[in-house]
Amino acid sequence: MKRIVLPGATIGVLGSGQLGRMLALEARRMGYRLHTLSPGVDTPTGQVADLEVSAEYDDIDAIRAFARGVDVMTFEFENVSTDAADAAAEIVEVRPSGAALHITQQRAREKAFLADRGYPVTPFAKAQSVDELAVGLGTVGLPAIVKTAAFGYDGKGQHRIDRIEDGERVWGLIGHQEAIIERVVDFTHEISVVAARGIDGQFAHYGAIENVHHNHILDLTVAPARVPAGIASEAVHLAHRVVDDLGYVGVLCVEFFVTADGRVLVNEIAPRPHNSGHFTIDACVTSQFEQQVRAVCGLSLGDTAQIKPAAMVNLLGDLWVNGEPDWAAALAVPDVKLHLYGKDEARVGRKMGHITALADSVDEAAAKALAARDVLC
Ligand code: AMP
């Protein structure tokens, strides 16, 4: 199998959303070809890829055939089965590995990985039945958040519990499936670190990024984060440990809570480029997507230097309630960059695009990005 994959070769991506799209755009700029596989057609990635294959992620024959047509394989979302990753790995190099995917795609496994190695995390318990949920709520304490162990993202499958008697109702809401119970963290900031590790252990990061969520979905990112330098370097240090402990190759994001007493707690790990790193496309020498291409292809990691303070706002399907947003108005705001993902159906809560702004301070950048979004509808 090829350790280093040079421009001209083909990168295969399992998944076809906006992360794959932005990866494809960078890969093609660098002279690579990119193939995508997902159950969809005319997908955000497929629209800009060299080849779009439509197959289910558990169709192992289709995954094998896809793997034979590419020089290296990656994935752009974590809910690909490890069986699929393993089948592909028999044919072609898969980066990051199926083992890293296995740990990070299921909250219970990810929490155990973190807790066993002594990472700082919020008190948590596992529950596989309503009785275990009640016991877990007792040990973790209230208020708590119950999260489904598998297939959760953007707050999907998450419910807050303020009273012990709500346990049974929430167990029904999450569909009686394995869950993690976490104590609600009284945080002052949410931050993330987008980091990369190369095939020979080279490490790169974009510093601490500050994130504001709305309804559990990322709403606004500013970079650099408005936190003391010691907090930022602690977060970077933890992210470095995570990529080393996972023996990771590729871009990864670690999300953190910062508490009032200055603790940095790991919330979760995303084994791929991340929404909070989208600002890097417009603000950094090497974007998180170019970095993913470099890492996955076994090349040196690029310079992560940030040219100016930046802010990014997400554009959710909610903005379409009164029809197509007014793009011309947003683009009349000076210095903003519009990114749209080519999704035809605008559903509430669905990520349709984002706007990035650069300025002399993050506050100014945030004001610009928010102003551009405000005039959309
Ligand atoms: P997650 O999918 O776990 O990243 O959760 C999405 C968002 O929900 C987080 O970024 C927080 O804003 C919120 N959240 C999740 N878990 C907790 C927690 N234990 N305490 C407070 N807020 C949380």
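The values are calculated or read from the model by the stated rules, or taken from the named source; none is laboratory data. None of the values given here were measured: they were computed from a predicted structure. All Cβ positions, glycine included, derive from the backbone under ideal geometry; neighbour counts span all protein chains shown. We work out accessible area using only protein heavy atoms, side chains counted, and drop any ligands, DNA or RNA first. Shrake-Rupley method; radii C 1.70, N 1.55, O 1.52, S 1.80 Å.
Looking only at the range 157-185, filter to residues that are near the ligand (Cβ under 8 Å from one of its atoms) and not aliphatic (A, V, I, L, M); which one of those is surrounded by the fewest Cβ atoms within 10 Å (Cβ to Cβ)? Don't jump to the end; show me each part of the working.
Residues of the range 157-185 near the ligand (Cβ under 8 Å from one of its atoms): 158, 182-185.
Now narrow it down to the ones that are not aliphatic (A, V, I, L, M): 158, 182-183.
Working: 158: 20, 182: 21, 183: 18.
Once the filter is applied, the top-ranked residue is 183.
Taking the range 354-369, which residues are small (Gly, Ala, Ser), surrounded by fewer than 24 Cβ atoms within 10 Å (Cβ to Cβ) and touching a Pro at 6+ places or on another chain (Cβ under 7 Å)? Give the derivation first.
If we filter the range 354-369 for residues that are small (Gly, Ala, Ser), which is where we start, we get 357, 359, 361, 365-367, 369.
Narrowing further to those that are surrounded by fewer than 24 Cβ atoms within 10 Å (Cβ to Cβ): 359, 361, 366-367.
359, 361 - these are the residues of the range 354-369 that are small (Gly, Ala, Ser), surrounded by fewer than 24 Cβ atoms within 10 Å (Cβ to Cβ) and touching a Pro at 6+ places or on another chain (Cβ under 7 Å).
Residue 208 passes all but one of (1) open to solvent by 50 Å² or more (accessible area, probe 1.4 Å); (2) more than 12 Å from the ligand (Cβ to nearest atom); which number fails?
With (1) open to solvent by 50 Å² or more (accessible area, probe 1.4 Å); (2) more than 12 Å from the ligand (Cβ to nearest atom) applied to residue 208, the lone miss is (1).
When the range 320-344 is examined, which residues are found to be out of contact with any Asp or Glu (no Cβ under 9 Å at 6 or more places or on another chain), open to solvent by 80 Å² or more (accessible area, probe 1.4 Å) and more than 27 Å from residue 361 (Cβ to Cβ)?
321, 322, 324
Does residue 332 qualify as being more than 21 Å from residue 201 (Cβ to Cβ) and not assigned by TED's automatic domain parsing to the domain that holds residue 45?
Values: more than 21 Å from residue 201 (Cβ to Cβ): yes; not assigned by TED's automatic domain parsing to the domain that holds residue 45: yes.
In short, yes.
Modelled with pLDDT under 95, in contact with a strand residue (DSSP E or B) (Cβ under 8 Å, 6 or more places away or on another chain), closer than 20 Å to residue 249 by Cβ and not assigned by TED's automatic domain parsing to the domain that holds residue 143: does that describe residue 72? Talk me through it step by step, then tell me what you get.
Values: modelled with pLDDT under 95: no; in contact with a strand residue (DSSP E or B) (Cβ under 8 Å, 6 or more places away or on another chain): yes; closer than 20 Å to residue 249 by Cβ: yes; not assigned by TED's automatic domain parsing to the domain that holds residue 143: yes.
No.
It is to be established whether one or more residues within the range 303-316 are crowded, with 18+ Cβ neighbours inside 10 Å, of a type in the set (A, V, I, L, M) and not in a strand (DSSP E or B).
So far as the range 303-316 goes, no, none of its residues is crowded, with 18+ Cβ neighbours inside 10 Å, of a type in the set (A, V, I, L, M) and not in a strand (DSSP E or B).
Which count do you get for residues in the range 266-313 that are among the small types (Gly, Ala, Ser), more than 16 Å from the ligand (Cβ to nearest atom) and in contact with a strand residue (DSSP E or B) (Cβ under 7 Å, 6 or more places away or on another chain)? Steps first, please.
First, pick out the residues of the range 266-313 that are among the small types (Gly, Ala, Ser): 270, 276-277, 283, 287, 295, 298, 300, 302, 305, 310-311.
Of the ones still in play, those that are also more than 16 Å from the ligand (Cβ to nearest atom) are 283, 287, 295, 298, 300, 302, 305, 310-311.
Those still in the list that are in contact with a strand residue (DSSP E or B) (Cβ under 7 Å, 6 or more places away or on another chain) too: 283, 295, 305, 310-311.
Count: 5.
I need the helices (runs of 4 or more DSSP H) fully contained in the range 86-153, keeping only those with at least 3 residues that are open to solvent by less than 50 Å² (accessible area, probe 1.4 Å), among the charged types (D, E, K, R) and within 13 Å of the ligand (Cβ to nearest atom). Show your work before the answer.
Values: elements: 98-104, 107-116, 130-140.
Filter on the range 86-153 gives 107-116.
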